Every structure is written in structure tokens, then in C-alpha cells.
1. Fewest Cβ neighbours within 10 Å first, please rank 50, 77 accordingly.
2. Just the number: Rg to Rh for the chain, Cα atoms, Kirkwood Rh, two decimals.
3. Using a simple charge model, +1 on the beta-carbon of Lys and Arg, -1 on the beta-carbon of Asp and Glu, nothing else, what dipole does the chain show about its Cα centre, in debye to the nearest 20?
4. Please identify the GluC sites (Glu not before Pro) of the stretch 116-213 that satisfy two criteria: DSSP loop assignment and at most 12 other Cβ atoms within 10 Å. Which are they?
5. Report the one residue of 74, 4, 33 whose Cα lies farthest in the direction of the positive end of the charge dipole of the chain (charges on C-beta: Lys and Arg +1, Asp and Glu -1; origin at the Cα centre).
6. Between residue 108 and residues 5 or more places away or on another chain, which pairs have amide H atoms under 5 Å apart, with H built 1.01 Å from N, and which residues are they?
7. Given the C-alpha centroids of the stretch 151-205 and the stretch 66-113, what is the distance between them in whole angstrom?
8. From the square roots a ≥ b ≥ c of the eigenvalues of the alpha-carbon gyration tensor of the stretch 9-72, which class results: rounded (a/c under 1.5), prolate (a/b over b/c), or oblate?
Amino acid sequence: MIFLEQVSRDLVAASWLKAELSSPRFRPRVVQALKQFHLPLRAVERPTLTNRRENLLRQQALHLHRGDTWGILPQHTQWWRAAITPQEFRRLRVINYPTWTLLSRGTGRLSAAAAVVARETVPPKAKGRWAQEAHAVITHVREIRNRLKGAEIPFPLILMGRPGGKTWTILEGNKRATAIYIRCFLTKTEPFPPTIQVLLGLTAQPLSCLRIA
């Protein structure tokens with residue numbers, strides 16, 4: 001992990017919203033959250049990070065949209081723009097959520113989830129709601145994989161880990177990361193670049209969404 005520069009929580013919130021605004025699945029929810037706080041799309045597509053009011057409203061909109069993740073992150077989280085290598089990318093963990101636990105066969109590893117998704121078969125243990133969600137993830141990853149150009153990730157993944165740790169959990173971008181893993185490491189459609197830039201949060205506080213082993 002190469003730490004490039006420390007960044008603000010405001011930048012991370014803006015990046016998170018911008019990434020999900022580009023998602024056909026999540027765009028309606030993001031647009032609705034922005035409307036509730038009277039924020040124009042411009043405030044996400046071209047954020048002004050020196051505008052304190054915009055920063056506050058973006059964080060509130062993200063909290064409304066992603067309270068289950070953004071809403072539980074400690075305020076004192078240290079955020080960095082960083083670069084990870086192919087080896088580090090392959091060690092990433094998917095978010096600690098039942099659907100991703102199923103897809104990764106209980107390991108929490110991005111590599112395991114990508115292998116399952118690439119086969120486009122819902123794990124036998126998935127039942128009811130979780131089977132539906134697993135099938136939806138597989139469909140969305142396939143769509144993302146087909147839209148990607150080369151190994152470029154259009155929006156930086158947002159990761160979280162422990163200070164000094166060597167394992168990082170994907171908070172935002174699990175499907176994009178899975179699509180890239182399939183293209184670069186499983187089907188080897190194109191090589192993974194020497195590094196990719198990510199946004200990384202560091203905290204020593206226990207969080208339910210993290211996988212640290």
C-alpha cells in the first residue's frame with residue numbers, strides 16, 4: 001500500500017455518492033436522497049469541496065442513503081488516497097454482509113467471491129431473500145464487467161482497515177472490484193495495472209462491516 005495523501009471525509013462522501021449516482025441500480029435512491037436535502041446533481045457530479053454547506057448536506061444525504069455503512073463509520077477515521085498493487089488487490093475482502101459472505105463461501109475473500117460470481121451460479125446455501133440478492137449481484141457484476149473498458153476502474157474503491165494492517169475491506173465498490181478481478185485474474189482479458197488508486201479509511205475501532213482476518 002502506497003499512501004499518497006491524506007484526504008478529508010468530505011471528499012470521501014462526495015466520491016461515494018458520485019460512484020453510486022453512476023449505478024443504474026442505486027441512482028434513483030441517490031437522487032431521492034439529494035432531493036430531500038435540496039442538493040442539485042451538480043453538487044455530486046462536480047462537487048465544491050470548499051463549500052461547507054454542500055459538504056454537510058452531502059454527508060447527510062449519504063447517511064440517509066447508506067446509513068448501514070457510512071452511518072457507522074467513526075468521525076475520527078483517518079482517510080487517505082492510496083495506491084494498491086495487484087497482489088494487494090487480490091487480498092481484498094468483501095464487505096461483511098450476508099450476501100457477500102455467501103458469495104465468498106464464508107471466506108470473505110474477494111478472490112473467492114469472484115470465482116463464484118464468474119460461474120454465474122447462486123451458492124446452494126443461499127435461500128429466500130439471500131438467494132435473490134446473490135442472483136442480483138451476479139447479474140450486476142456481469143453488466144459492469146461488460147461495460148468496463150480495459151482494467152480501468154471508473155471510480156476509486158473505498159476501503160477500510162486497521163492502522164498498520166495488511167487486510168482491507170471494500171466498503172464501496174464490491175461489484176466493480178469483483179468485475180475487475182474476473183477480467184484481470186480469472187479470464188485474464190487484460191492485465192491488471194501496476195497500481196490502482198483507492199480511498200482508504202483507517203480506524204482502530206471495531207466495526208461490524210469489516211473483515212480483518
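1. Sorted ascending by nearby Cβ count, the order is 50, 77.
2. 0.95
3. Values: 33 positive and 13 negative charges, 78 e Å.
Approximately 380 debye in magnitude.
4. Passing sites in the stretch 116-213 are 120, 152.
5. Working it through, the farthest residue towards the positive pole turns out to be 33.
6. Hits under the 5 Å cutoff: none.
7. 8
8. Rounded.
Values quoted throughout were computed directly from the atomic coordinates according to the rules given, and no laboratory measurement underlies them. From a predicted model like this one, the values you see are computed outputs, not experimental measurements. Glycine gets a Cβ as well: all are built from the backbone with ideal geometry, and neighbour counts include every protein chain shown.
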